Every structure is written in structure tokens, then in C-alpha cells.
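Right, one structure below, let's go through it.
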Amino acid sequence: MNRKIIIAANWKQNGTSKSLNKLASSIIKGINKTTRKCEIVLLPPSIYVNEIKKLLETKKPYNVFLGIQNISPYNNGAYTGEISISMAKELQCKFCIIGHSERRIIFNEDQISLAKKLTLAIENQVKAIYCVGETLSEFRKNMTKKIINNQLKQGLDRSLKLLRKNPEKLIIAYEPVWAIGTGKNASEKDIVNTHKYIRKILFSMFGTLSEKIRIIYGGSVNNKNANTILNLNDVDGVLVGGASLNAKKFVEICSSI
Ligand code: 13P
């Protein structure tokens, strides 16, 4: 099955209005014919989403979409500080990240709320980039499969019926926690094996519909290793942190498919 490659830029809590407008403009300018083969997703800090939306409306790049880094597990209401999926949708966010390890670990997000977020995203027809991945100590104890199996089951079980109707709305991002921001990406062998395992679990949950679900890799992806990673079996894209804050590097990653 031909799945469209996704190259996503997770800008995390970085930048200013000025710097991110400049970054997005340079990325859009750098995109060329080769990058048309993929879906490029920009995920600014929430407070700047509207500005990047306006920029995309002006520049109208062919294949660049907007996403949000996190959503509330609740619909609109008395939830101080939160941003609902309908608010993100109103600002043309076509993608949202759910369960990034920084949210799981630093902000103590639990599986119940992540599962709720996933349901809300799919109900609202926003594509969910659901992150899974093991910590360094779990990796060392050979627990990767067990951890990923639990994260997938606990995150997706609640939305199975919905997802069966919209499998293409789900993207799984394999992000080993120890590879994030460390400059040490997972080995080719580990990426291939883990993606293969994720695909096996997805098949057990969705049967042949699982073929429509993309599995992307994140963790120290840069302009030097992107081509190798993107050519690995069962890798349908990359989720990029640090290197996506540099327009030249990010465009090179997008051009490396
Ligand atoms: P780095 O690319 O900086 O390792 O971050 C990866 C990540 O967390 C993307 O969501």
C-alpha cells in the first residue's frame, strides 16, 4: 500500500512571533517539486498557530498543513489554560500530536486522558499523531515491545470503532525517549524492528485497514540521517524537533525522500 510520507516539524516551546513567521516563510520558500511527494506539517506553539495559519493562507503552499502540539481531553468548558480540539480545528489545524513523551513525563499526562484526546481528535476529523516510545532504562531492559504494546492498547482501545471508520486519520509516531534531543537516533535495525512490531499490533486491532495507518519515526532526525531513515521499511515519515527550527535543515529533510 502506498502511504503518503509525512514530514512534521514540532517546534515545541520555541521561537517568537517574528522568528517563527520567518522560519515558516523560509520553509515554504524552500519547498520544491521533490517535496511535493510528502505532507509537510508545521506544529507551532499554540499561541502562534493563528499567525502561521494566516501565513499559509497568503502563501498557499501546495502541501503544507498546520497542526497543534497538544489538545485538551475535554470539549469547551471550564478548563483554565486548555485548548479544545474545536478551537484548533477552527484555526485550520489538520493534525494534532497526542501523547508526546514530554507531555507524558514532564506534565504527567496519563493514558486515560490521552485516550480521551484521541477520541476527540478523530471525532473532529483531525489527524492524530499518537506518540509511543520507551525510556532509556526500558530500552536497556529490553522492554520496548511491552511498553509500546501497552501504549497502543491503552491509547487506541477506546476509539477502535471510530478508528475503523477513519484509519487514515491515525498516525503512530515511534519516538524512543532516549533519542529525543540527544543527537543519538535509534539504529536502523531498532527502527525497522519496532515499526514492524507496531504494524503487527495495528493489524491485530484493525486487520487489513491497518495498512492505511502511517507509522513515523522521531528522535534526533536531521538533514544527515533523514534519507536513510525515510528509506527504511515501514517508515512513513518523520517527526522532527530540533532540526525543524532551522529552515535549511528542515527543507533538506523534506527533500530527502
Ligand atoms: P528532536 O528531533 O529534537 O530529537 O525531537 C524529536 C521530537 O520530540 C519530535 O516530536
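The numbers here are math on the coordinates, done by the rules we state, and not lab data. From a predicted model like this one, the values you see are computed outputs, not experimental measurements. Glycine also receives a Cβ, built like all others from the backbone with ideal geometry; neighbour counts cover every protein chain displayed.
So the values come out like this:
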{"quantity": "Spatial separation of Cα centroids for the range 54-105 and the range 206-242, in angstrom", "calculated": "21 Å"}
{"quantity": "Reciprocal of mean inverse Cα separation for the range 146-257 (Kirkwood radius, Å)", "calculated": "14.6 Å"}
{"quantity": "Ellipticity estimate at 222 nm from DSSP helix runs (n ≥ 4, -39,500 (n - 2.57)) divided over the chain, nearest 500", "calculated": "-12000 deg cm²/dmol"}
{"quantity": "Simple spin-label estimate for residue 146 and residue 14 in nanometres, 7 Å along Cα-Cβ", "calculated": "3.4 nm"}
{"quantity": "Chymotrypsin sites (Phe, Trp or Tyr not before Pro) within the range 38-85: DSSP coil, no more than 12 neighbouring Cβ in 10 Å", "calculated": "62, 79"}
{"quantity": "Global form of the range 16-105, assessed from the alpha-carbon gyration tensor, a/c cut-off 1.5", "calculated": "prolate"}
{"quantity": "Amide H contacts of residue 41 (H built 1.01 Å from N, under 5 Å, at least 5 apart or other chain)", "calculated": "7, 8, 9, 65"}
{"quantity": "FRET efficiency, residue 112 to residue 232 (Cβ-Cβ, R0 35 Å, nearest 0.05)", "calculated": "0.60"}
{"quantity": "Peptides ranked, highest mean first, by Cβ atoms within 10 Å: ranges 218-230, 167-179", "calculated": "167-179, 218-230"}
{"quantity": "Burial order of peptide ranges 17-23, 99-105, 238-244 (average beta-carbon count within 10 Å, highest first)", "calculated": "238-244, 99-105, 17-23"}
{"quantity": "Relative packing of 135-146, 193-204, which averages over residues the other C-beta atoms within 10 Å, highest first", "calculated": "193-204, 135-146"}
